[in-house]
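Trainee: The structure that follows is given in the form of structure tokens.
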Amino acid sequence: MPVAHQSNKVILTHPSGASAEVYLYGATLTSWKVANKERIFVSEKAILDGSKAIRGGIPLVFPVFGKGKAPHVTAALPQHGFARISLWKLLNSSDDANAVTAEFGLDHTLISEENRKLWPFDFSLVYTVKLAAETIETKLRVHNIGEKSFDFNTLLHTYFLIPDASKVKVIGLSGIDYVDKVLATTAHQEGDIVIKGEVDSVYANVKSPDVQIPYVAEQGGVQLHLKGLSDVVVWNPWAAKAAGMADFGNEEYHKMICVEAGQVAEFIALAAGGSWEGSQILSLL
Ligand code: BG6
């Protein structure tokens, strides 16, 4: 079965041997394997029972980033929005000669009463995961099916599993102004990003749709290709923040980096009846 629906997750298997796993909780992709090697980080302390956002994988940030308050609403939504803490539905699955695809859906009828009050708009999200032999595309479509316009931010908050955070580079963001959330300042990126401590940076309006993460000390790496997305967040909590997170191992910051593609610098306004889509294609270097 190219797409197997288990009680709480969906497993995609490509004839090449590549595979992916997506929890219905948050539509969080928790595994992408190529050549039997895991490429996605999930904390050994991640809570997978649907009581908390999954620490790792690709949580879907929507409709706010961080503790953001969405325009035209009165109270703050949960951190990073409700999409990653809502139970999605498997809408469809298919496969052809190239790829195995699963489509997940969330709409206003599926979110909690509390979140519905905080964000009172009629919406429909469709999240498509398309697994090919050596790539995986994750695409979010947002539909405004109500009569009022709404504004949103979104992020494909990808946690990559890497050999050593202090030895990878993030290439493709040179020459861009960014918000350094650790130092609470703005700065200009010169050259490649190297990780030497806590990093939490928001790059707006990237110039190239491709961001590479070579492993540097060893062969390989991963690449993101952005389609319809213009911002990238780079995050590594490093030691002190890691120690403060109950669902993250104290030493795990060494083997992960989040490079997150999305729209977070500005809200996207979606008129009644309107649709928007953005995606990332992950591949190997
Ligand atoms: C990043 C943010 O996207 O997500 C960070 O820029 C945040 O500020 C990180 O700490 C993790 O967020 P959370 O809510 O999953 O702990």
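Trainee: Would you please put 193-200, 58-65, 239-246 in order of how densely packed they are, using the mean number of other Cβ atoms within 10 angstrom per residue and starting with the highest?
Mentor: Details: 193-200: 16.4, 58-65: 27.6, 239-246: 12.9.
Put in order of decreasing packing, that is 58-65, 193-200, 239-246.
Trainee: As a test of reading the structure, rank Val202, Val42 by solvent-accessible area (1.4 Å probe, protein chains only), most first. Could you put the intermediate results ahead of the total?
Mentor: Numbers: Val202 15, Val42 45 Å².
I get Val42, Val202, largest accessible area first.
Trainee: Estimate the FRET efficiency between Lys241 and Asp210 by the formula 1/(1 + (r/R0)^6), using the beta-carbon distance for r and 35 Å for R0, to the nearest 0.05. Don't skip to the answer; put the middle values down first.
Mentor: On the way: r = 28 Å, r/R0 = 0.81.
Computed FRET efficiency for Lys241 and Asp210: 0.80.
Trainee: Right, something else. Looking at segment 98-195, how many pairs of lysines come closer than 26 Å at the Cα, when each pair is eight or more places apart or spans two chains? Show your work: numbers first, answer last.
Mentor: Values: Lys117/Lys148; Lys130/Lys139; Lys139/Lys148; Lys139/Lys169; Lys167/Lys181; Lys169/Lys181.
Close lysine pairs under the 26 Å cut-off: 6.
Trainee: Now for a different question. Can you give the accessible area of Glu190, probe radius 1.4 Å, in Å² rounded to 10?
Mentor: 140 Å²
Trainee: Still on this model: For Lys207, tell me the accessible area in Å² from a 1.4 Å probe, rounded to the nearest 10.
Mentor: That residue has around 150 Å² of solvent-accessible surface.
Trainee: Among Thr101, His157, Phe248, whose Cα lies farthest out toward the positive end of the dipole of the chain, if unit charges sit on the beta carbon of Lys, Arg (+1) and Asp, Glu (-1)?
Mentor: Of the listed residues, the answer is Phe248.
Trainee: How much accessible area per residue does segment 3-126 have, counting only protein heavy atoms and a probe of 1.4 Å, in square angstrom? Before the final figure, lay out each step's value.
Mentor: Details: 5340 Å² over 124 residues.
Here the residues of segment 3-126 average 43 Å² of exposed surface.
Trainee: Further question on the same structure: State in Å² the accessible area per residue of segment 180-219; use a 1.4 Å probe, count heavy atoms of protein chains only, and round to the nearest integer. Working shown, then result.
Mentor: Details: 2300 Å² over 40 residues.
So segment 180-219 comes to 58 Å² accessible per residue, rounded to a whole number.
Trainee: Can you give the local net charge around Arg116? Use residues other than it whose beta-carbon is closer than 11 angstrom to its beta-carbon, Lys and Arg +1, Asp and Glu -1. Please report the intermediate quantities before stating the final value.
Mentor: On the way: positive: Lys117; negative: Asp107, Glu113, Glu114, Asp122.
Around Arg116, the surrounding residues sum to -3.
Trainee: Just to make sure I understand: if all protein chains stay in place, what is the order of Lys181, Lys89 by accessible area at 1.4 Å, largest first? The partial results should precede the final answer.
Mentor: Details: Lys181 95, Lys89 115 Å².
The most accessible residue leads, giving Lys89, Lys181.
Trainee: Give me the percent of accessible area attributable to carbon and sulfur for the chain, probe 1.4 angstrom.
Mentor: Values: 6060 of 12070 Å².
The nonpolar share, carbon plus sulfur, comes to 50 percent.
Trainee: Could you work out the per residue convex hull volume over the alpha carbons of the chain, in cubic angstrom?
Mentor: 127 Å³
Trainee: Additional query: Please compute the net charge surrounding Ser230, taking Lys and Arg as +1 and Asp and Glu as -1 over other residues with Cβ under 11 Å from its Cβ. If you can, show how the numbers build up before the last one.
Mentor: On the way: positive: Lys207, Lys227; negative: Asp231, Glu266.
Result for the neighbourhood of Ser230: 0.
Trainee: Obtain the nm distance between the two label points defined at Glu134 and Asp177 by a simple spin-label model: each point lies 7 Å from its Cα along the Cα-to-C-beta direction.
Mentor: Roughly 3.9 nm, to one decimal.
Trainee: Could you pull out the pairs from Lys52/Lys227; Lys52/Lys89; Lys9/Lys196 whose alpha carbons sit more than 26 Å apart here?
Mentor: Going by Cα-Cα distance, Lys52/Lys227; Lys9/Lys196 fall outside the 26 Å limit.
The values are calculated or read from the model by the stated rules, or taken from the named source; none is laboratory data. What you are looking at is a predicted structure, and each value in this text was computed from that prediction instead of being measured. Virtual Cβ from ideal backbone geometry, glycine too; neighbours counted across all protein chains shown. Accessible surface areas use protein heavy atoms only, side chains included; no ligands, DNA or RNA. Shrake-Rupley method; radii C 1.70, N 1.55, O 1.52, S 1.80 Å.
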